[in-house]
Amino acid sequence: MITPRITGHGVVVDFPVFNNSHRSFKKAFMRATSGGHLAQEAGNLLVVRALDNLDFDFREGDRIGLVGHNGSGKTTLLRVLSGVFEPIRGRVDVEGRVNSILDISMGFDPDATGLENIFLRGVMSGRRRREIGAQLDEIADFSELGDYLNLPVRTYSSGMLLRLAFAISTCIESEILLLDEWLTVGDSEFSAKASKRLQDMTDRAAILVLASHDQNLVDRVCNRLVRLDHGRIIEDTRMSVDAAQGSVQPMEDKR
């Protein structure tokens, strides 16, 4: 049996900036607006270094809170862990089944029905049609969309689309859960139901990696804090939650 684990060794991710005819202006602009920093140019190509030589080891039981300012590399790291981005240098090893809930509204075919999109999204996440069919009723019931599931999703409101996307994304059992912020979907009643399902998923996951700007949420959900700044890890602290006081205190890393 595989023990869930994620390790990274010297992970570097660059994003090229094309058509950089006014490079001096772009450098100043990027420094002012990007959390990443400008890497050395190869020829005339300017790149933004989103992740810079990261080393990390996430193990079973870890509830990692990724924190940092906008552009610090949180979402980029999540996308590397999910396999969306490949590092240009270094490597990431992932052991265990991954469910990444990053941009849940991506990947829908607007002309396909809600039911058809359930299967499309399931196949895109690497699941067999038989597996998706077994959970079809659960997804439909949770979404509360009823007969709208037989209509093309281009007829849906944004709220209906998010309900469907959330129902699909959260029906997948996984050992490693990647979250970009804690999702709130729909009206207050549906949002409460969605929050409970998300909490159940985080409780069952062997490893949770949550990127968030909400420090209170990180303190409540996570037992390890990883702070990024300009694509580098500047803090990696294990936390102990004092249930009586509701406070979070640093722990010595004994691994």
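The values are calculated or read from the model by the stated rules, or taken from the named source; none is laboratory data. Fair warning: this is a prediction, and the values are worked out from it, not measured in the lab. Neighbour counts run over all protein chains shown; Cβ positions are idealised from the backbone, glycine included.
Tell me, yes or no, whether the range 87-94 has at least one residue that is assigned by TED's automatic domain parsing to the domain that holds Val221, in a loop (DSSP other than H, G, I, E, B), closer than 30 Å to Gly231 by Cβ and of a type in the set (A, V, I, L, M).
Yes, that holds for at least one residue.
When you scan the range 106-191 for helices (runs of 4 or more DSSP H) that lie fully inside it, which ones turn up with 2 or more residues that are among the polar types (S, T, N, Q) and not assigned by TED's automatic domain parsing to the domain that holds Ile64?
Where helices (runs of 4 or more DSSP H) fall fully within the range 106-191 and carry at least 2 residues being among the polar types (S, T, N, Q) and not assigned by TED's automatic domain parsing to the domain that holds Ile64, they are 158-169.
Hey, can you tell me all the residues within the range 140-155 that are in contact with a Lys or Arg (Cβ under 7 Å, 6 or more places away or on another chain) and exposed (fewer than 15 other Cβ atoms within 10 Å of the Cβ)?
none
Mind checking whether some residue in the range 114-129 is of a type in the set (A, V, I, L, M), more than 22 Å from the chain's Cα centre (by Cα), closer than 26 Å to Thr184 by Cβ and surrounded by 12 or more Cβ atoms within 10 Å (Cβ to Cβ)? Quick ask: steps written out before the conclusion?
If we filter the range 114-129 for residues that are of a type in the set (A, V, I, L, M), which is where we start, we get 115, 118, 120, 123-124.
Then drop every residue that is not more than 22 Å from the chain's Cα centre (by Cα), which leaves 115.
Still in the running and closer than 26 Å to Thr184 by Cβ: 115.
Then drop every residue that is not surrounded by 12 or more Cβ atoms within 10 Å (Cβ to Cβ), which leaves 115.
Yes: one or more hits.
Given the criteria surrounded by fewer than 16 Cβ atoms within 10 Å (Cβ to Cβ), closer than 30 Å to Gly8 by Cα, not aliphatic (A, V, I, L, M) and not assigned by TED's automatic domain parsing to the domain that holds His9, does Gly83 qualify? Please lay out each step first, then the result.
On the way: surrounded by fewer than 16 Cβ atoms within 10 Å (Cβ to Cβ): yes; closer than 30 Å to Gly8 by Cα: yes; not aliphatic (A, V, I, L, M): yes; not assigned by TED's automatic domain parsing to the domain that holds His9: no.
No; evaluated as a whole, the condition is false for this residue.
Among the residues that make up the range 131-138, is at least one of them surrounded by 12 or more Cβ atoms within 10 Å (Cβ to Cβ) and either touching a residue at least 60 places away in the same chain (Cβ under 8 Å) or closer than 18 Å to Leu198 by Cα (or both)?
yes
Can we say Val123 is within 25 Å of Val221 (Cβ to Cβ) and either of a type outside the set (D, E, K, R) or touching a residue at least 40 places away in the same chain (Cβ under 8 Å) (or both)?
No; evaluated as a whole, the condition is false for this residue.
Does at least one position in the range 101-109 carry a residue that is modelled with pLDDT of 90 or more and within 23 Å of the chain's Cα centre (by Cα)?
yes
Filter the range 204-235 for residues that are aliphatic (A, V, I, L, M) and part of a strand (DSSP E or B) and give the result.
Passing the criteria: Ile207, Leu208, Val209, Leu210, Ala211, Leu225, Val226, Leu228, Ile233, Ile234.
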